[in-house]
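The values are calculated or read from the model by the stated rules, or taken from the named source; none is laboratory data. These figures come from a predicted structure and were not determined experimentally. Note that we place each Cβ from the backbone using ideal geometry, even for glycine, and neighbour counts take in every protein chain shown. Accessible surface is based on the protein model in full, side chains and every heavy atom, while ligands, DNA and RNA are left aside. Shrake-Rupley method; radii C 1.70, N 1.55, O 1.52, S 1.80 Å.
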Amino acid sequence: MKKTLTLLTLFTTLFTFSQNFQGKATYKTSRKSNIKIGGKNSNMSDKMQKQLQDRIRKMSQKTFFLEFDKSSSIYKEDVKLNSPKPQMGGVRVMSFGGGGSGVFYKNLKENRFSNKTEIMGKPFLVKDSLPNYKWELSSETKNIGNYTCYKATFTREVENVNMSLINGEPKEVKKKETIITTAWYTPQIPISNGPDDYQGLPGLILEINDGTTIIVCTEIVINPKEKIEIIEPKKGKVVTQKKFDKISEEKAKEMMERYRSKNGNGIEIRIGG
């Protein structure tokens with residue numbers, strides 16, 4: 001009888017734990033940049049180009065928090081207030097297609113997301129279904145912190161639009177590329193979630209690498225003392241992901257046209273996300 005009561009108590013404890021399960025993961029991001037400014041007649045030296053590239057690279061080194069429970073999550077940037085905007089040789093570098101106040105909400109049970117973001121200060125709320133990543137699972141493992149992680153990959157064809165301003169003339173080049181994304185996930189945290197819009201694996205994703213952007217988890221707290229509230233964002237013009245991508249491209253073209261007469265000096269470069 002005593003053994004039965006003990007097992008019942010253990011089962012109740014485990015059930016309660018699973019119902020109240022919450023966590024917070026910290027991610028660090030970095031991104032490669034191939035931005036080039038000016039053309040043959042540009043007065044920007046190779047040294048200035050390199051310094052600007054370094055500034056852009058540092059801009060991409062950000063910290064994000066993923067707050068999650070079993071079926072939903074919030075992914076948002078750790079915003080540092082009053083940080084100076086990098087400038088070099090009269091060139092101002094700004095982000096394009098994403099704001100520091102952005103919030104990415106995922107509802108795994110309903111297979112949808114709400115992304116609060118902005119373009120040039122105008123707020124948008126992108127609402128759509130979660131992407132269906134066709135993961136290929138591998139038996140390859142590695143440790144990230146105290147967690148054993150397994151490798152998974154998926155391949156997709158994308159059309160990248162590269163916009164440049166050379167000798168005062170805007171140019172647009174569309175190029176199709178095959179992107180292989182590698183994820184490392186841990187079944188030790190059995191939730192099908194991860195940073196940004198990544199999900200769909202049998203464990204929390206601790207690292208993502210798509211060849212351009214690397215996202216790595218540096219800290220995880222399970223069931224923190226302070227209860228986490230996961231609230232779906234509501235403010236902003238509601239659009240689908242396809243519509244938002246179209247608006248982003250149109251705004252980028254407007255920006256390039258606005259600065260075409262400046263021959264590379266004083267150009268604002270806006271990098272998505």
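Some observations on this one:
- Pairs with Cβ under 6 Å, 6+ apart, first in the stretch 129-147 and closer than 15 Å to V216 by Cα, second open to solvent by 70 Å² or more (accessible area, probe 1.4 Å) and modelled with pLDDT of 95 or more: Y147/Q188
- Boolean, F154 is touching a helix residue (DSSP H, G or I) at 6+ places or on another chain (Cβ under 7 Å) and not acidic (D, E): no
- Qualifying positions in the stretch 120-142 - among the acidic types (D, E) and open to solvent by 70 Å² or more (accessible area, probe 1.4 Å): E136, E140
- Filtering the stretch 143-162 to residues that are open to solvent by less than 70 Å² (accessible area, probe 1.4 Å) and at pLDDT 95 or above leaves I144, Y147, T148, C149, K151, A152, T153, F154.
- Residue in the stretch 200-220 that is surrounded by the fewest Cβ atoms within 10 Å (Cβ to Cβ), counting only those that are more than 14 Å from Y27 (Cβ to Cβ), at pLDDT 95 or above and touching a strand residue (DSSP E or B) at 6+ places or on another chain (Cβ under 8 Å): P202
- Selection within the stretch 121-159 - within 21 Å of E207 (Cα to Cα), of a type in the set (S, T, N, Q) and within 22 Å of the chain's Cα centre (by Cα): N132, T153, T155
- Evaluation of S261 against (1) at pLDDT 95 or above; (2) surrounded by fewer than 16 Cβ atoms within 10 Å (Cβ to Cβ); (3) among the hydroxyl-bearing types (S, T, Y); (4) not in a strand (DSSP E or B) (one fails), failing number: (1)
- Residue count for the stretch 188-199, restricted to those that are open to solvent by 40 Å² or more (accessible area, probe 1.4 Å) and either polar (S, T, N, Q) or not in a loop (DSSP other than H, G, I, E, B) (or both): 2
- Residue selection: N223 satisfies the criterion of being within 27 Å of K116 (Cβ to Cβ) and at pLDDT below 95.
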